[in-house]
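Report on the following structure.
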Amino acid sequence: MSLTIIDRTAETAGITHNLSGIQILTRASDTTRELSRINAIVLHQMNFSRGGDVTLYDTVIAHYAVLTDGSVLQLRPLTDILNDAHSGPGVEIEFASPVGGYPSVQRIRRGAAERPHHVQIEAGRKLVEHIRGLFPSNLRFIYSHQQFNPTVKGNCPGPHLWYNIGEWAKLKFALRSEGVSNSIPAAWTDSSLAC
């Protein structure tokens, strides 16, 4: 599978808030950064899917979005500092998911079957590989959103996305997920999560 990125940055340039009214760019005075500051990727799940119409994702707060069919959208330039987790040095990737999100470990243990499609996992891996290629000497970290806000975002991006993309990236590129206040839940590193 090759990676095709649909560039939506021209269309999203004038969009300043998401559908909930939250500001897309950081609230700090400096909303752009030098690319040399980028050293991390942060994985998220949207807790919704708006289908295959790429225009419906233009208000998502992310540099990239990976849809359930494997489509990859670039929503913001990498120079933008977003109003999101670890946004100063991070590249934010959102994954479309069913309403309510992909299941937590607790829901998986209770039999929840909804998990990312293989094509979405492959697209996510290709995107991480692409970003790694853009910043081969600077990119050292990959994080889950829950590491920055475990109380509110405790299942972001969720165990399946983390294991199949985050853990994969740690092995393939020697990226780390340490150095922030919260760790990856141990249950998210279980090989039974492989998609």
Revision key, fill the gap. Taking only the Cα positions of the chain, the convex hull volume per residue in Å³ is 117 Å³
Practice item. Provide Rg over Rh for segment 67-113; use the alpha carbon set for both Rg and the Kirkwood Rh (inverse mean inverse pair distance). Key: 1.10
Revision key, fill the gap. Ignoring trypsin sites (Lys or Arg not before Pro) buried by more than 10 other Cβ within 10 Å or outside DSSP loops, the longest site-free run in the chain is 111-195
Point to revise | Under the Debye formula (equal points on every Cα, no solvent term), log10 I(q)/I(0) of segment 1-116 at q = 0.14 Å⁻¹ | key: -0.60
Check your understanding: Which cross-chain or sequence-distant (5 or more) residues have an amide H under 5 Å from the amide H of ILE6, H modelled 1.01 Å from N in plane?
Key -> VAL72, LEU73, GLN74
Point to revise | Built amide H within the under 5 Å cut-off of ILE142, gap 5+ | key: ILE41, ARG176, SER177
Point to revise | segment 83-195 - Rg (one decimal) and Dmax (whole number), Cα, Å | key: 13.5, 42
Check your understanding: What does the helix-only formula give at 222 nm for the chain: each DSSP H stretch with n ≥ 4 adding -39500 (n - 2.57), the total divided by the residues, and the result rounded to the nearest 500 deg cm²/dmol?
Key -> -4500 deg cm²/dmol
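Read-outs: derived from the displayed coordinates by stated rules, not from any lab. A quick note: this is a predicted structure, and the numbers were derived from the prediction, not measured. FYI the Cβ positions are ideal-geometry reconstructions off the backbone, even for glycines, and counts take in every protein chain you see.
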